[in-house]
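Report on one structure; see the data block that follows.
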Amino acid sequence: MASAQTAPTPPAAVADAPAASPWSVSASAATYFLPDDDNYVQPIVTVDRNALHLEGRYNYEDRNAFSAFIGWNLEAGSKVKLEVTPMFGAVIGDTNGVIPAIEATLSFRRFEAYTEGEYVIDVDDRADRFLYNWFEASVWASEWLRAGLVTQRTRTFQLPGRSQRDVQRGVLAGVSFRQLEGAVYFFNPGSDDLYVVASIGVSF
């Protein structure tokens, strides 16, 4: 609520204020540090204009594969806020196929849960169709620090002695500063299959 001592904004100042851009862009890169395998980077770029959502990924469904999506942003709630983006896309490269997908965020006070899932319909080999999923739930200890849990189901890599279709579980720690956000994920802590994912992103 504005203070009674606050002077009203002159009409001319309101007229001269620049209009908010309907476009928003974000870029992130997650680096996978794997045991007994080559490390690799997974870049993602998103572009939003009002409800329209566009997204491009590399090394997500497979190494040396590029995927692109178009989707629609939906929102509901105020205290408990739900954001859902259904998408449809395609992947080309070492894997070729079409992809129905979804991204969703649920937030309440300091709690935040995020998931992204997709089903890759491989057009070259029916046996290679696969459900990918990333899920994380965290609590913001402050405006800039959060911690929580994470799971991942992927076949982009295979850990020694494990099925490449296992769900990997771990813990996370993240920081945020203005338009920058970073996080470190520790999967399978306390085991020989420990691996680390370090992510950094910027939005503008």
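The values are calculated or read from the model by the stated rules, or taken from the named source; none is laboratory data. Small disclaimer: the values here were computed from a predicted structure and weren't measured. Backbone-built Cβ (ideal geometry, glycine too); neighbour counts: all protein chains shown.
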(request) Within the stretch 82-96, identify whether any single residue is in contact with a strand residue (DSSP E or B) (Cβ under 6 Å, 6 or more places away or on another chain) and on the phi > 0 side of the Ramachandran plot, and answer yes or no. (result) yes
(request) Could you list all residues from the stretch 45-72 that are surrounded by 15 or more Cβ atoms within 10 Å (Cβ to Cβ), aromatic (Phe, Trp, Tyr) and free of Cβ contacts under 8 Å to residues at least 24 places away in the same chain? (result) TYR58
(request) Could you please let me know if ARG178 is surrounded by 12 or more Cβ atoms within 10 Å (Cβ to Cβ) and closer than 22 Å to ILE44 by Cα? (result) no
(request) Confirm whether GLN164 is at pLDDT below 95 and part of a strand (DSSP E or B). (result) no
(message) Out of everything in the stretch 95-120 that is charged (D, E, K, R) and either surrounded by 16 or more Cβ atoms within 10 Å (Cβ to Cβ) or modelled with pLDDT under 95 (or both), what residue ends up being farthest from ASN133 (Cα to Cα)?
(response) GLU112
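Residues are listed down the side, and each one gets a yes or a no for (1) more than 19 Å from ARG63 (Cα to Cα); (2) out of contact with any Asp or Glu (no Cβ under 7 Å at 6 or more places or on another chain); (3) of a type outside the set (Phe, Trp, Tyr); (4) modelled with pLDDT of 95 or more:
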position: VAL123; (1), (2), (3), (4): no, yes, yes, yes
position: ASP128; (1), (2), (3), (4): no, no, yes, no
position: ALA141; (1), (2), (3), (4): yes, yes, yes, yes
position: PHE157; (1), (2), (3), (4): no, no, no, no
(message) Please go through the stretch 73-89 and give me each residue that is small (Gly, Ala, Ser) and either in a strand (DSSP E or B) or surrounded by 14 or more Cβ atoms within 10 Å (Cβ to Cβ) (or both), ordered by number.
(response) ALA76, GLY89
(message) Here is a check on your reading of the model: is GLY148 buried (at least 18 other Cβ atoms within 10 Å of the Cβ), part of a strand (DSSP E or B) and not hydrophobic (A, V, I, L, M, F, W, C)?
(response) yes
(request) Mind listing whichever residues of the stretch 181-204 are surrounded by fewer than 16 Cβ atoms within 10 Å (Cβ to Cβ) and either of a type in the set (Asp, Glu) or in a loop (DSSP other than H, G, I, E, B) (or both)? (result) PRO189, GLY190, SER191, ASP192, LEU194, PHE204
